[in-house]
Amino acid sequence: MAPSPVSPVPPVDLELRLVRYFTVVAEELHFGRAADALHLAQPSLSRQIRRLEQQLGARLLDRTPRGTRLTEAGEVFLPQARELLRTAGRAAASARSAAGQGPFTVGYTTHQIVTPAVRELRRRHPEADVRTLHVDWSEPRAALLDHRVDVVVTRFLFISDDLDITVLYDEPRVLLVPLGHRLAGKKSVTLADFADEPLPRFTGADRAGANPPGHTNLGALVDTLEDKLELVASGEVVSLAPAGFRGSLRPDIAAVPIEDADPVQVVLATRAGDRHPLFPTFRRAAETHLVPAPAS
């Protein structure tokens, strides 16, 4: 017997403005504070929330003597409402990007100097609104997919799904150790020299390849560059780092070249399929002007 056809889900015309109002009330759990945050009169906000509930056919919020609480339907709807707003924001940003409207934002991570390429882009497009934004070492991919930046110059230590990658150059790696470490005075080391030493442990998709393949002795979890350097200085771990870090290290840390570690690639990353009119010019400027620093 053939299965009965699945009935199509009837369309629901949700107003994003009302969805945003709901998320603010859900975060505040207080209509008065939410109304202040939204610069609305409280009775008006209450009417807007009732309109949204009517559109959904479900009650989202209950008022109690102790304040406001989410109903079961509200608990289910809240994360999807937030994602709906994020998706709408990304869609609008993509449309503006494709049309060349709005600012063109160049992201860069620690120790990446983008000034020459940005200067060239501004010279060639003086009418454009070109901006720069520092991106945390663990967020180049997220910053692109969230449309905080249009391109990012960074070291390639992240998953490239949904991104286009242009390699600019290879950067050697060094080993960071505390000054009193047995390897601190060496001219160079190999991976075997510290195979038994603990390395930092990283989470997420934005530190892929930070440690050598197969190294299983992992120490404390690291979320920030500063935390990593503190762990190295205190002797809890040793750590690989790009050679470009040597010029700005703490005085209690030594950097030793690694003979056989794979270099890290410095790349220009953008969203896959992004067609911002300024990107080709910036890519050419980056390939011309963003080159490795001379060896010290």
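Of all the residues in the range 113-154, those that are surrounded by 22 or more Cβ atoms within 10 Å (Cβ to Cβ) and in a strand (DSSP E or B) number 4.
Is it true that some residue in the range 139-154 is over 16 Å from VAL114 (Cα atoms) and of a type in the set (Ser, Thr, Tyr)? First the steps, then the outcome.
So in the range 139-154, the residues over 16 Å from VAL114 (Cα atoms) come out as 139, 141-148.
Cutting the leftovers down to of a type in the set (Ser, Thr, Tyr) gives us none.
No, the range 139-154 contains no residue that is over 16 Å from VAL114 (Cα atoms) and of a type in the set (Ser, Thr, Tyr).
Please verify whether PRO178 is closer than 28 Å to GLU259 by Cβ, surrounded by 15 or more Cβ atoms within 10 Å (Cβ to Cβ), modelled with pLDDT under 95 and not aliphatic (A, V, I, L, M), treating the condition exactly as stated.
Spelling it out, it is not the case that PRO178 is closer than 28 Å to GLU259 by Cβ, surrounded by 15 or more Cβ atoms within 10 Å (Cβ to Cβ), modelled with pLDDT under 95 and not aliphatic (A, V, I, L, M).
Kindly indicate which of SER234, SER248, SER239 is polar (S, T, N, Q) and in contact with a Leu (Cβ under 8 Å, 6 or more places away or on another chain).
Working: SER234 fails: in contact with a Leu (Cβ under 8 Å, 6 or more places away or on another chain); SER248 fails: in contact with a Leu (Cβ under 8 Å, 6 or more places away or on another chain).
So the residue among SER234, SER248, SER239 that is polar (S, T, N, Q) and in contact with a Leu (Cβ under 8 Å, 6 or more places away or on another chain) is SER239.
Filter the range 155-164 down to the residues that are surrounded by 15 or more Cβ atoms within 10 Å (Cβ to Cβ) and of a type outside the set (D, E, K, R), then identify the one that is nearest to TYR108 (Cα to Cα). Going through the qualifying residues, I end up with PHE156. Evaluating PHE279 against the criteria (1) closer than 22 Å to PRO140 by Cα; (2) not assigned by TED's automatic domain parsing to the domain that holds GLY107 leaves one unmet condition, (2).
Restricting the first member to the range 232-259 and to residues that are in the same structural domain as VAL189 (by TED's automatic domain parsing) and touching a residue at least 60 places away in the same chain (Cβ under 8 Å), and the second to residues that are part of a helix (DSSP H, G or I) and small (Gly, Ala, Ser), the beta-carbon pairs closer than 9 Å and six or more apart or on different chains are ASP252/ALA233; ILE253/ALA233; ALA255/ALA243; PRO257/ALA243.
Can you tell me which residues in the range 238-266 are of a type in the set (Val, Ile, Thr) and not in a strand (DSSP E or B)? Don't jump to the end; show me each part of the working.
First, the residues of the range 238-266 that are of a type in the set (Val, Ile, Thr): 238, 253, 256, 258, 264, 266.
Once the filter is applied, which keeps residues that are of a type in the set (Val, Ile, Thr) and not in a strand (DSSP E or B), the range 238-266 yields only VAL238.
Test ARG86 against the criterion of being modelled with pLDDT under 90, part of a helix (DSSP H, G or I) and touching a Ser or Thr at 6+ places or on another chain (Cβ under 7 Å), and give yes or no.
Details: modelled with pLDDT under 90: yes; part of a helix (DSSP H, G or I): yes; touching a Ser or Thr at 6+ places or on another chain (Cβ under 7 Å): no.
Spelling it out, it is not the case that ARG86 is modelled with pLDDT under 90, part of a helix (DSSP H, G or I) and touching a Ser or Thr at 6+ places or on another chain (Cβ under 7 Å).
Of the residues contained in the range 71-80, one or more are found to be under 30 Å from GLY273 (Cα atoms) and modelled with pLDDT of 80 or more. Among the conditions (1) surrounded by fewer than 19 Cβ atoms within 10 Å (Cβ to Cβ); (2) over 22 Å from PRO292 (Cβ atoms); (3) of a type outside the set (A, V, I, L, M), the only one that LYS228 does not satisfy is (1).
Can you name every residue in the range 186-212 that is assigned to a loop (DSSP other than H, G, I, E, B), modelled with pLDDT under 90 and surrounded by 13 or more Cβ atoms within 10 Å (Cβ to Cβ)? Please lay out each step first, then the result.
First pass over the range 186-212, keeping only residues assigned to a loop (DSSP other than H, G, I, E, B): 186-188, 190, 195-198, 202-204, 208-212.
Restricting the remaining residues to those that are modelled with pLDDT under 90 gives 202-204, 208-212.
Those that are assigned to a loop (DSSP other than H, G, I, E, B), modelled with pLDDT under 90 and surrounded by 13 or more Cβ atoms within 10 Å (Cβ to Cβ): PHE202, GLY204, ALA208, GLY209, ALA210, ASN211, PRO212.
Residues in the range 213-228 that are assigned to a helix (DSSP H, G or I) and more than 14 Å from PHE202 (Cβ to Cβ): how many? Quick ask: steps written out before the conclusion?
Step one: of the range 213-228, the residues assigned to a helix (DSSP H, G or I) are 225-228.
Next, from what is left, pick out any that are more than 14 Å from PHE202 (Cβ to Cβ): 226.
Total satisfying the criteria: 1.
So, in the range 25-42, of the ones that are in a helix (DSSP H, G or I) and in contact with a Ser or Thr (Cβ under 7 Å, 6 or more places away or on another chain), which residue ends up nearest to ARG59 (Cα to Cα)? Restricting to residues being in a helix (DSSP H, G or I) and in contact with a Ser or Thr (Cβ under 7 Å, 6 or more places away or on another chain), the top hit is VAL25.
The values are calculated or read from the model by the stated rules, or taken from the named source; none is laboratory data. Every value quoted in this text rests on a predicted model; they were computed, and no experiment measured them. For neighbour counting, all protein chains shown are included, and Cβ atoms are generated from backbone atoms with ideal geometry for every residue, glycine included.
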